[in-house]
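Below is one structure, written out as structure tokens; comments come after it.
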């Protein structure tokens, strides 16, 4: 087991290990005294781990209640968000109580946003159950819901009290969902760490779980410490996301987040090579590792389709979009790109 401390507006531990859910009540009690604990989860995760988590919390003195919504990105909307708020009110949660986000990125984002806004802030714990959530979305305090205009357009920065990553739960993930998380893991290698990139390339899906998750969390910690509110260096974590979000929106979220980010990274890499930002060999290495993990690297959507969706991306700043582009494995740049320059750039990446 490994613990990584995150230094932000609220400092908190990220605990990484095996079979942690069985002792989650004891782990949580070290950061928040027993109280009423509202577990927010989705239908897939709750059916497998809900009773285990609730029982562990109750055995340690917590009074557990639960709200379960249908699994999937389509639930990450204002309707479900308001249902969660009303559930919290009906159960009379107070600011001394606790919300527990049990699930993947959708659950973590939704429960975190509810925690940030109910009573103007209620403590919460992240218990990510997908690889993607463990290495990325559960750490750093970004919370959000989707709007019809685009992904994650309503949200808040709100740090949890603790993140508990039990990587033994990854054994129950469907392989396609696990591969989704691999997309975010590969992203960290491209951005910051050639050694991580090489380990992933050599190991494929059999990579060392504790090493890889811990390394990604360490890298995320470093970025959050430098730029908690996403105004500078943290923007690099959006590698592949600007184009990925456009693909998700065009597909009405039938293309998963991890698949969309993989395609987005491939678009960024191809365009970077075309524009002379990186050598062709770097693009080839990025495409190769994505294909090794059986992640998609192309899309049927046109440059016009992606351009139109990108205009409503939350990372747009006036007439510019900041694109994250690879120079080398382990080194990427933030490049301000005007709206007029954006569509030709996307076309070059397709």
Listed residues 230, 166, 42, most fluctuating in the chain (Gaussian network, C-alpha, under 10 Å): 230
Between the range 1-63 and the range 112-148, the Cα center-to-center distance that results, in Å: 14
Three-way shape label, the range 254-350, alpha-carbon gyration tensor, a/c 1.5: oblate
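Have a look at the DSSP beta bridges in the chain and tell me what percent are antiparallel, nearest 5.
Close to 45 percent.
What number, rounded to the nearest 500 deg cm²/dmol, is the helix-based mean residue ellipticity at 222 nm of the chain, given -39500 (n - 2.57) per DSSP H run of at least four residues and division by all its residues? List each step's numbers first, then the result.
On the way: 12 runs with 147 residues, N = 350.
Counting only the DSSP helices, I get -13000 deg cm²/dmol.
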Gain upon complete extension [residue 52, residue 2; 0.36 nm per residue less C-alpha separation]: 15.8 nm
Cα centroid of the range 309-350 to Cα centroid of the range 154-198, whole Å: 23
Angle in degrees between helix 241-250 and the longest Cα principal axis of the chain, rounded to the nearest 10: 80
Overall form of the range 2-172 per C-alpha gyration tensor (a/c, 1.5; a/b vs b/c): rounded
Helix axis angle, 78-90 relative to the chain longest principal axis, alpha carbon, degrees: 20
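Going by average Cβ density within 10 Å per residue, which order do the peptides 239-250, 175-186, 151-162 take, highest to lowest? Please list the in-between numbers first.
Numbers: 239-250: 26.2, 175-186: 21.4, 151-162: 19.3.
Ranking the peptides 239-250, 175-186, 151-162 by packing returns 239-250, 175-186, 151-162.
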Principal-axis tilt of helix 209-226 within the chain, Cα atoms, nearest 10 degrees: 80
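Computed from the coordinates by the stated procedures, all read-outs in this text should not be read as laboratory data. On a predicted model such as this, the values are computed, not experimentally measured, just so you know. Every residue, glycine as well, gets a Cβ built from its backbone with ideal geometry; the counts of neighbours run over all protein chains shown.
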